[in-house]
1. Restricting attention to region 165-175, does a residue exist that is closer than 19 Å to Gln66 by Cα, touching a Lys or Arg at 6+ places or on another chain (Cβ under 8 Å) and modelled with pLDDT of 95 or more?
2. Suppose we keep only residues that are at pLDDT 95 or above and not in a helix (DSSP H, G or I) within region 195-214. Which one would you say is farthest from the ligand (Cβ to nearest atom)?
3. From the list Pro245, Pro235, pick out the single residue that is more than 8 Å from the ligand (Cβ to nearest atom) and surrounded by 13 or more Cβ atoms within 10 Å (Cβ to Cβ).
4. Go through region 308-332 and count every residue that is part of a loop (DSSP other than H, G, I, E, B) and open to solvent by 50 Å² or more (accessible area, probe 1.4 Å).
5. Out of the residues in region 359-376 that are farther than 16 Å from Ala99 by Cβ and at pLDDT 90 or above, state the one that is most open to solvent (accessible area, probe 1.4 Å).
6. Going through region 177-194 one residue at a time, which ones are surrounded by 15 or more Cβ atoms within 10 Å (Cβ to Cβ) and not in a helix (DSSP H, G or I)?
7. Where residues in region 218-232 are in contact with a Pro (Cβ under 8 Å, 6 or more places away or on another chain) and open to solvent by less than 60 Å² (accessible area, probe 1.4 Å), which of them is farthest from the ligand (Cβ to nearest atom)?
8. Scan region 333-350 residue by residue and report those that are out of contact with any Leu (no Cβ under 9 Å at 6 or more places or on another chain) and open to solvent by 60 Å² or more (accessible area, probe 1.4 Å).
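The values are calculated or read from the model by the stated rules, or taken from the named source; none is laboratory data. Worth saying up front: this structure is predicted, and the values here are computed from it rather than measured. Don't worry about glycine lacking a Cβ; one is built from the backbone with ideal geometry, like all the others, and counts go over all protein chains shown. Just so you know, the surface numbers come from the protein's heavy atoms only, side chains and all, with ligands and any DNA or RNA stripped out. Shrake-Rupley method; radii C 1.70, N 1.55, O 1.52, S 1.80 Å.
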Amino acid sequence: MASSRQVAEMSDNAKAFDSRMIAPALLDWYDRHARDLPWRTGPEALRNGVRPDPYRVWLSEVMLQQTTVAAVKSYYRRFTVTWPTVESLAAAADDDVMAAWAGLGYYSRARNLIAAARKVAEASGFPGNAEGLRALPGVGEYTSNAIAAIAYGEAVPVVDGNVERVVSRLLALAEPVKSAKSLIRETVAAMTPLDRPGDFAQAMMDLGATICTPKRPACVLCPINDRCTAFLAGPDPATLPVKAPKKERPSRLAAAFVAERATDGAVLLVRRPPSGLLGGMAGPYVTEFSSKKDGATGEGAAPFSADWVDCGTAEHGFTHFLLTLEVMWAQTPHGADLPPGAFWCPRERLAGEALPTVMRKAIAAAIPDAFNSGKI
Ligand code: SF4
């Protein structure tokens, strides 16, 4: 919680800050320096009458949630080549979409993507404003506002982590972002121009990604440095936003049992239930990892008895906990009683399966050449 002195400081900086002067300078900079992104309709194209496609804006925004631009580019291209319209995505098999998403993480996004595409196809089009968009699965305030601003030119505030950082510096906020959310939102709303709100949103994103970066902001190159409280009066912009005290991520432990068919090297996979962590994704049989560091491991937790060999551990960091998987391997004995939902995946199809990174790590720990290219 902010102290009363800090709240007073925050509101003083916010009052002294003239939000109307930001958009013209930023848009002028964006016209010259906008990043060329596969999903973006740049300022030049917009001036020539090209309209952004809400499907592509939505798809890119969902992919970009918690994921970097560099990681998203190839996935975005693959998705738009395979499913060029929302109708084609709606008609796709769930497994194909999940397999195409594999490796991008946060798999609930892929499940929501399928559900939202079907809702949009049923309604014969995307909702036409931010409020309507918010009713789609997986679309929260940030995503709905980003789509509405970029695709429809609706003047709504678009606030992601980059924008929070930029505004924290513009106002020299003495508080962590978490305590200043509504002030940041109000500031962005006041800065957002009625004309070109989509370009303004993307200009803020570009500024945060290329100039007002987390560690070493390039303030001398910044088009709005003459309005920036932190740059003009301190503290050092690189020290903002103020960090909230960090909570340590808990550790959890579980076991992965990688079973291989003796005759052809096929790997036994089990599809996880549709909801919950990694829902709908496949992987080797693993014990529960919802518990703290007391997950069931060792041969006693195996799905069937075999000569299980201990292959060491695979580690993976989820947002809320760190997982250590104790990895076991065995050739499946004839007539083994396979766990429910299990299926044999031929070795050559393994790389194309909807396998989340943690499951790939477990398989690679047991069968080092499982993915041939060596890439996980
Ligand atoms: S002057 Fe520096 S800190 Fe301020 S907005 Fe620009 S890059 Fe960020």
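1. Here is the first cut: in region 165-175, the residues closer than 19 Å to Gln66 by Cα are 165-166.
Filter again for touching a Lys or Arg at 6+ places or on another chain (Cβ under 8 Å), leaving none.
Scanning region 165-175, I find no residue that is closer than 19 Å to Gln66 by Cα, touching a Lys or Arg at 6+ places or on another chain (Cβ under 8 Å) and modelled with pLDDT of 95 or more, so the answer is no.
2. The selected residue is Arg196.
3. It is Pro235.
4. Within region 308-332, the subset part of a loop (DSSP other than H, G, I, E, B) is 308, 318-321, 332.
With the extra rule that they be open to solvent by 50 Å² or more (accessible area, probe 1.4 Å), the set shrinks to 319-320.
The qualifying residues number 2.
5. The qualifying residue most open to solvent (accessible area, probe 1.4 Å) is Pro368.
6. Thr192, Pro193
7. Residues of region 218-232 that are in contact with a Pro (Cβ under 8 Å, 6 or more places away or on another chain), as a first pass: 219, 228, 230-231.
Okay, now just the ones that are also open to solvent by less than 60 Å² (accessible area, probe 1.4 Å), so 219, 228, 230.
Details: Cys219: 3, Cys228: 3, Ala230: 5 Å.
Among those that are in contact with a Pro (Cβ under 8 Å, 6 or more places away or on another chain) and open to solvent by less than 60 Å² (accessible area, probe 1.4 Å), it is Ala230.
8. His334, Gly335, Asp337, Pro340, Glu348, Arg349
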